Amino acid sequence: MHLVLFNSINLITNKKNQMVSKKIEKALNDQIALEAYASFLYLSMASWCDQQGLEGTSKFMHRQSTEELSHMMRIFHYLSEIDGHAISPAIKQAPLTYKSVRELLTQVYKHEQKVTTSIHKLVNLCNKENDYTTLHFLQWYIDEQREEEALMRGILDRIKLIGNGPQSLYFIDKELEKINQAQAAMEAAEADAGA
């Protein structure tokens with residue numbers, strides 16, 4: 001009886017038997033760092049927008065920052081759940097200024113593309129490592145990144161339509177405020193449906 005109990009405890013506490021490989025653990029921690037940087041980047045962008053009097057754009061960037069933080073935390077909790085070691089990343093300073101709101105939003109789109117590429121690399125690694133649990137976990141991120149890229153492309157398309165006239169900043173800011181309100185309403189409806 002004692003030998004069986006000892007062997008069971010040994011299996012539970014032996015890190016060689018953890019559910020996630022060290023390669024996947026490292027890749028997930030790298031993704032945590034990328035999501036954390038995105039949150040800080042978007043927060044920095046929100047501050048710049050405040051300085052420019054772009055209240056609607058600032059609110060939109062605050063929402064994006066919060067969303068990226070939740071993406072980071074989802075991975076953080078997942079790693080703990082599968083007996084991995086989630087690491088709180090050091091975050092480099094995000095840029096503090098931008099030439100224009102158009103440049104800022106183009107940077108957001110490029111960063112979202114970078115995140116998508118990173119998620120796809122993680123998926124490929126999961127396939128190589130036969131880690132179907134993490135592969136399943138990452139499906140949510142694949143869908144999320146498709147939505148994020150489509151959202152940012154749509155915003156950039158609207159900015160092109162608005163143009164560079166003297167009142168363009170006003171209209172861009174109002175468009176982003178509408179998008180932000182629509183996202184908030186959609187999130188509230190999803191929360192109500194889940195309750």
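Structural remarks
- Residues located in region 71-94, provided they are under 10 Å from ILE32 (Cα atoms) and of a type in the set (S, T, N, Q): SER88
- Number of positions in region 59-91 that are touching a residue at least 60 places away in the same chain (Cβ under 8 Å) and under 9 Å from the mean Cα position of the chain (by Cα): 1
- Any chance SER58 is surrounded by 14 or more Cβ atoms within 10 Å (Cβ to Cβ) and touching a Cys at 6+ places or on another chain (Cβ under 8 Å): yes
- Any chance LEU169 is in a helix (DSSP H, G or I), among the hydrophobic types (A, V, I, L, M, F, W, C), at pLDDT 95 or above and crowded, with 16+ Cβ neighbours inside 10 Å: no
- Any hit, region 103-125, residues being among the acidic types (Asp, Glu), in a helix (DSSP H, G or I) and buried (at least 17 other Cβ atoms within 10 Å of the Cβ): yes
- Of the residues making up region 135-150, those that are surrounded by 16 or more Cβ atoms within 10 Å (Cβ to Cβ) and free of Cβ contacts under 8 Å to residues at least 60 places away in the same chain are LEU135, PHE137, LEU138, GLN145, GLU148.
The values are calculated or read from the model by the stated rules, or taken from the named source; none is laboratory data. Please read all numbers here as calculations on a predicted model, not as lab measurements. Positions of Cβ are generated from backbone atoms using ideal geometry, with glycine treated the same way; all protein chains shown enter the neighbour counts.
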